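S.K.: Have a look at this one.
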Amino acid sequence: MADDSADSLVLSHDPNHPANLICELCKLFYNNGWVTGTGGGISIREGDKIFIAPSGVQKERMVPDNMFVMNLPTKEYLRVPKSLKPSACTPLFLAAYTNRNAGACIHTHSQNAVIVSLLYDKVFTIANIEQIKALPKITEPGYFGFFDTLTIPIIENTAHEEDLKDSLEQAILNYPTSTAVLVRRHGIYVWGETVWKAKVYNEAIDYLLELAVKMRQLGIPPDGAIGSEKNTRLV
């Protein structure tokens, strides 16, 4: 049975402690407009422990005492904060940890992610953009190059977030070079080897999503060849 008095797991003066970082990053994502109200979430792994932001707490007001802590191998909670519910994102975070050995997973309701999910069918693709170089190849050493095409799968939304687990897990398996999954009309899940890499990947991907929307508005295919923009006539 989980011990909801295990405060020592989340209370620390170390700014890099996962519970402190989750609060810091939630405020950052709120200020970026990627999470509003109580939507979105983040989880950080430290060894066999995973720290998870709760459900129902406004992201900009979150404090370390709000954090859930789970033992990853057993999936048992080591700490359950009083009067709070576990995040509905938890099964999705676990999918990234178990299938990609992630060190952190971020879920946002970015408007760029939502709009892109409406513009594309099964996958989002973009190529020949410098920011792609911030993202890892995953299946081989190194990062994507300027001339590479980035592909991110898109899955269908469900009425309850936890019901996304199977389709997200399947997308992770079907697209081994992707470090993210878009959820149609909902948002995006992004993970990385560490919390800082997950943050960088999320920022880079959101930049690319926003850029793709603007390129489509101008009639420029985001995954088009270099020079394809010369065929676009601005009105």
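S.K.: Test ILE138 against the criterion of being more than 24 Å from PHE29 (Cα to Cα), out of contact with any Lys or Arg (no Cβ under 7 Å at 6 or more places or on another chain) and aliphatic (A, V, I, L, M), and give yes or no.
M.R.: yes
S.K.: Looking only at region 215-234, which residues are at positive phi and open to solvent by 70 Å² or more (accessible area, probe 1.4 Å)?
M.R.: Hits for region 215-234: nothing passes.
S.K.: Can you tell me which residues in region 187-214 are open to solvent by less than 30 Å² (accessible area, probe 1.4 Å) and of a type outside the set (Val, Ile, Thr)?
M.R.: Passing the criteria: GLY187, TYR189, TRP191, GLY192, ALA198, TYR201, ASN202, ALA204, ASP206, LEU208, LEU209, ALA212.
S.K.: Moving on to the next point. Taking interchain pairs and intrachain pairs at least six residues apart, which have beta carbon atoms under 8 angstrom, with the first residue in region 67-89 and loosely packed, with under 12 Cβ neighbours inside 10 Å and the second at pLDDT below 95?
M.R.: The qualifying pairs are GLU76/ALA2; LYS82/ASP4.
S.K.: Between a first residue in region 1-30 that is under 29 Å from HIS109 (Cβ atoms) and a second residue that is modelled with pLDDT of 95 or more and of a type in the set (Lys, Arg), which pairs have beta carbons less than 7 Å apart while being 6 or more apart in sequence or on different chains?
M.R.: Hits for this filter: ALA2/ARG79; ASP4/ARG79; LEU9/ARG79; VAL10/ARG79; LEU25/LYS199.
S.K.: Among (1) surrounded by 21 or more Cβ atoms within 10 Å (Cβ to Cβ); (2) without any contact (Cβ under 8 Å) to a residue 40 or more places away in the chain; (3) touching a Pro at 6+ places or on another chain (Cβ under 7 Å), which single condition is GLU46 missing?
M.R.: Single failed check for GLU46: (1).
S.K.: Just for strands (runs of 3 or more DSSP E) wholly inside region 1-96: which have at least 2 residues that are under 23 Å from GLU193 (Cβ atoms)?
M.R.: Answer list for region 1-96: 41-46, 49-52, 68-71.
S.K.: Looking at this structure, is THR125 polar (S, T, N, Q) and either assigned to a strand (DSSP E or B) or more than 19 Å from ILE188 (Cβ to Cβ) (or both)?
M.R.: Details: polar (S, T, N, Q): yes; either assigned to a strand (DSSP E or B) or more than 19 Å from ILE188 (Cβ to Cβ) (or both): yes.
Answer is yes for this residue.
S.K.: Considering GLU140, GLU156, which residue is acidic (Asp, Glu), under 18 Å from the mean Cα position of the chain (by Cα) and open to solvent by 70 Å² or more (accessible area, probe 1.4 Å)?
M.R.: Unique residue meeting the criteria: GLU156.
S.K.: Can I ask one more? Take the residues in region 159-179 that are aliphatic (A, V, I, L, M) and within 16 Å of the chain's Cα centre (by Cα), then tell me which one is nearest to PHE124 (Cα to Cα).
M.R.: Per the criteria, the residue is ALA171.
S.K.: Based on this model, can you work out whether LEU11 counts as farther than 20 Å from PHE93 by Cβ, aliphatic (A, V, I, L, M) and in contact with a helix residue (DSSP H, G or I) (Cβ under 8 Å, 6 or more places away or on another chain)?
M.R.: Details: farther than 20 Å from PHE93 by Cβ: yes; aliphatic (A, V, I, L, M): yes; in contact with a helix residue (DSSP H, G or I) (Cβ under 8 Å, 6 or more places away or on another chain): yes.
So LEU11 passes the test.
S.K.: Let me ask you something else. Do you know which of the residues in region 106-120 that are out of contact with any helix residue (DSSP H, G or I) (no Cβ under 8 Å at 6 or more places or on another chain) and either modelled with pLDDT under 95 or not small (Gly, Ala, Ser) (or both) is most open to solvent (accessible area, probe 1.4 Å)?
M.R.: GLN111
The values are calculated or read from the model by the stated rules, or taken from the named source; none is laboratory data. Remember, it's a predicted structure, so these values are computed and weren't measured experimentally. Methodologically, a virtual Cβ is constructed for each residue, glycine included, from the backbone with ideal geometry; neighbour enumeration extends over all protein chains shown. We work out accessible area using only protein heavy atoms, side chains counted, and drop any ligands, DNA or RNA first. Shrake-Rupley method; radii C 1.70, N 1.55, O 1.52, S 1.80 Å.
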